[in-house]
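See below for the structure under consideration.
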Amino acid sequence: TCLGKVIGGGMPVAAYGGAKELMELVSPLGPTYQAGTLSGNPLGMVAGIATLKLCQAAGFYDSLHGRSLQLAVGLQAAAAEAGIAVQTGATGGMLGMAILDRPVRNFADAQACDHDLFAGFFRAMLDRGVWLPPSGYEAMFVSGAHDDEAIGWILDAARESFQSQLP
């Protein structure tokens with residue numbers, strides 16, 4: 001089993017692991033003392049367990065992918081309403097958006113995106129309470145907390161934000 005940030009369910013926590021023979025060298029079983037401010041943080045552990053249970057629920061990942069697609073399609077439509085060409089793509093809980101009039105197929109295409117317009121869109125979304133990654137090169141993420149209401153709110157902010165970028 002390999003777990004990353006999910007072990008804290010969004011809360012601060014510290015953890016590590018290793019082969020049994022190495023872990024037995026660390027206290028309380030072994031002679032090597034180990035401690036940390038967030039090691040085994042109870043709140044983080046409870047949040048992590050709740051997150052893992054949510055992720056294991058039937059249909060969770062299909063729903064997550066559907067929300068990502070809903071957001072990607074909605075962002076493209078919001079941009080089109082403002083006359084801005086945008087390319088989007090989504091898979092699982094990730095989506096990307098490129099301000100470009102053609103599909104992004106390579107790094108040269110990614111460099112050709114309108115990064116100044118993205119920066120303005122980013123700031124406009126932030127002003128409306130939506131936190132996006134600050135660079136068009138980065139992915140956006142959808143979580144189990146993004147329901148229809150949240151997606152609608154994000155898309156309303158996107159419509160306003162794209163419109164605010166027009167001359």
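Numerical summary
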| quantity | calculated |
| --- | --- |
| Checking Gly66 against (1) touching a Pro at 6+ places or on another chain (Cβ under 6 Å); (2) within 17 Å of Asp147 (Cβ to Cβ), the condition it does not meet | (1) |
| Residues (touching a Cys at 6+ places or on another chain (Cβ under 9 Å) and either under 15 Å from Phe162 (Cα atoms) or aromatic (Phe, Trp, Tyr) (or both)) located in the stretch 98-139 | Ala98, Ile99, Leu100, Gly136, Tyr137 |
| Filter result for Gln87 (of a type in the set (S, T, N, Q), surrounded by 13 or more Cβ atoms within 10 Å (Cβ to Cβ), modelled with pLDDT of 95 or more and touching a Ser or Thr at 6+ places or on another chain (Cβ under 6 Å)) | no |
| Count of residues meeting criterion [among the small types (Gly, Ala, Ser) and in contact (Cβ under 8 Å) with a residue 12 or more places away in the chain] in the stretch 38-61 | 6 |
| Counted residues, the stretch 101-152 - those being loosely packed, with under 11 Cβ neighbours inside 10 Å and aromatic (Phe, Trp, Tyr) | 2 |
| Matching residues, the stretch 1-40, being in a strand (DSSP E or B) and under 27 Å from Lys53 (Cβ atoms) | Ala14, Ser39 |
| Conditions (1) at pLDDT below 95; (2) surrounded by 12 or more Cβ atoms within 10 Å (Cβ to Cβ): number failed by Leu75 | (1) |
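To keep it simple, each residue is scored yes or no on (1) exposed (fewer than 12 other Cβ atoms within 10 Å of the Cβ); (2) farther than 21 Å from Met94 by Cβ; (3) at pLDDT 85 or above; (4) not assigned by TED's automatic domain parsing to the domain that holds Gly144.
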site	(1), (2), (3), (4)
Ala14	no, yes, no, yes
Gly18	yes, yes, yes, yes
Met23	no, yes, yes, yes
Gly36	yes, yes, no, yes
Ile49	no, yes, yes, yes
Leu52	no, no, yes, yes
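The values are calculated or read from the model by the stated rules, or taken from the named source; none is laboratory data. Predicted model, so just to flag it, every value in this text is computed and none were measured. In this analysis, Cβ positions are derived from the backbone assuming ideal geometry, glycine residues included, and neighbour counts consider all displayed protein chains.
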